[in-house]
Amino acid sequence: MNTSSEISPMAVMERETRVCHGPVADSVRGIHVPPGQNNLVGDEFLIREAGLACHYRKGAGITVQMDDPEKAGTLELLLAGSVYAAIAAINGFLPVHASAVEIGGVAIAFTGAAGAGKSTTVAGLRQRGLPIVADDTVVLDMSGPRPLVLPGHKRLKLWPDSLELTGMSGLQLVSEAYPKFFATEGGSELDGPVPLGAIVSLVVGEEPAFDAVRGAARIALLDDDHYTADYHAVAQGLDHGGRLRAIAALANSVPAYRYVRPLDPVRFAESIDFLFAKVAEVAAG
């Protein structure tokens, strides 16, 4: 870990994610980054889109160059997504492609491929009274005996059909190019870190099921090719073996489960009630 022992993980991220506006170069450490791409080199990260760019350097925070005011929604996505994950990785935390809720004093993190229903699942559980810890990117502090989940920055985003399923309201269209809706006013509904209680992998199936995953199969649940995993490997200088060891350390630290989620919208409430009961059992130990 590269984080300071003198300040809390949340204070580290708050300090490092401060934003100022100014000119941003089109290269990082001499490496050109074309629009639509990003690069993490050493303790710096640069991401560029048409009309905007964000540059981060450890200790100096984020500089944003906003040339197109119409890209405000895209900027919010970048700051809470790619930029936040890169900053976490550079500062020694472990970003994971997952969403999480809190129950019984622990976080339950839901992993799965894009489109597996992570955000829809946590939205459904939120409607059962469980606060959201993070959406889409879970940042873990692995320095202690048990992983801690840091409160996430991302606002919950849902497709229109998920809004209908969960009964939540679409507060704001993310962008014309990305027609999801923000469904919450802010990010995490917790004020501080919470221990990770379990990892649950989402898969699609006919009937709801919730089964323990043991042995090496737990590593497979977390061996994701999402950009969060790439950022962590690059920032920490991990080769393939090092990346697998980091995944194994996480997989071995908490129980893992596989949740089969039916896609039939008629069965959504039933499946969420089923899942709620299962995660309550997990949280109770």
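Nearest 20 debye, what's the magnitude of the dipole of region 1-147 about its Cα centre given +1 on Lys and Arg Cβ and -1 on Asp and Glu Cβ?
Using Cβ point charges on Lys, Arg, Asp and Glu, region 1-147 gives about 320 debye.
With the dipole of region 230-285 worked out from charges on the C-beta (+1 for Lys and Arg, -1 for Asp and Glu) around the Cα centre, which of Gln236, Val282, Ala269 lies farthest toward the positive end?
The Cα lying farthest towards the positive end belongs to Gln236.
Rank Ile132, Leu40, Gly59 by how far each Cα sits towards the positive end of the charge dipole of region 1-159 (+1 on Lys, Arg Cβ; -1 on Asp, Glu Cβ) and give me just the farthest.
Looking along the dipole axis, the top candidate is Ile132.
Along the charge dipole of the chain, which of Gly115, Ala80, Asn91 sits closest to the positive end, that is, farthest toward it, with unit charges on the beta carbon of Lys, Arg, Asp and Glu (+1, +1, -1, -1)?
Asn91
Just one of (i) 1.29; (ii) 1.13; (iii) 0.96 is Rg/Rh (Cα atoms, Kirkwood Rh) as worked out from the coordinates here. Which one is it?
After the calculation, the listed value that fits is (iii).
When only alpha-carbon atoms count, how far does region 96-198 stretch along each of its three principal axes, as whole angstroms with the largest first?
Largest first, region 96-198 extends 43, 27, 23 Å along its Cα principal axes.
Could you check the spin-label model distance between Glu176 and Ala249? Points 7 Å from the Cα along Cα→Cβ, value in nm.
Taking the simple label geometry, Glu176 and Ala249 are separated by 4.6 nm.
With only Lys, Arg, Asp and Glu charged, each at its Cβ (+1 for the first two, -1 for the last two), find how big the charge dipole of region 4-65 is about the Cα centre; round to the nearest 20 debye.
Charge dipole of region 4-65: 80 debye, to the nearest 20.
Could you tell me the distance between the Cα centroids of region 241-268 and region 113-187, to the nearest Å?
For region 241-268 versus region 113-187, the Cα centre distance is 17 Å.
If you place +1 on the Cβ of every Lys and Arg, -1 on the Cβ of every Asp and Glu, and leave all else neutral, what size is the dipole of region 159-285 about its Cα centre, to the nearest 20 Debye?
520
Find the relative contact order for the chain and round it to a whole percent, using C-alpha pairs within less than 8 Å whose residues are 6+ positions apart.
Worked out over the chain, it gives 17 percent.
So with the 1.4 Å probe, I'd like the accessible area per residue for region 1-141, rounded to whole Å².
Counting only protein heavy atoms, the per-residue value for region 1-141 is 37 Å².
Calculate for the chain the 222 nm mean residue ellipticity that helices alone would give, adding -39,500 (n - 2.57) per DSSP H run of length 4 or more and normalising by residue count, nearest 500 deg cm²/dmol.
-8500 deg cm²/dmol
How large is Rg/Rh for region 1-146, to two decimals, with Cα atoms and a Kirkwood Rh?
1.00
Can you tell me which lysines have their Cα less than 18 Å from the Cα of Lys180? Leave out same-chain residues fewer than eight positions away.
Cross-link targets: Lys71, Lys118, Lys154, Lys157.
Counting only protein heavy atoms and using a 1.4 Å probe, what share of the accessible area of the chain belongs to carbon plus sulfur, as a whole percent?
52
I want to verify a result. In a Gaussian network model of the chain, Cα cutoff 10 Å, which of these has the top mean-square fluctuation: Ala123, Ala100, Ala220?
Of Ala123, Ala100, Ala220, the most mobile in the Gaussian network model is Ala220.
The values are calculated or read from the model by the stated rules, or taken from the named source; none is laboratory data. Computed from a predicted model, the values in this text were never measured in an experiment. Positions of Cβ are backbone-derived with ideal geometry, glycine not excepted, and every protein chain shown enters the neighbour counts. Just so you know, the surface numbers come from the protein's heavy atoms only, side chains and all, with ligands and any DNA or RNA stripped out. Shrake-Rupley method; radii C 1.70, N 1.55, O 1.52, S 1.80 Å.
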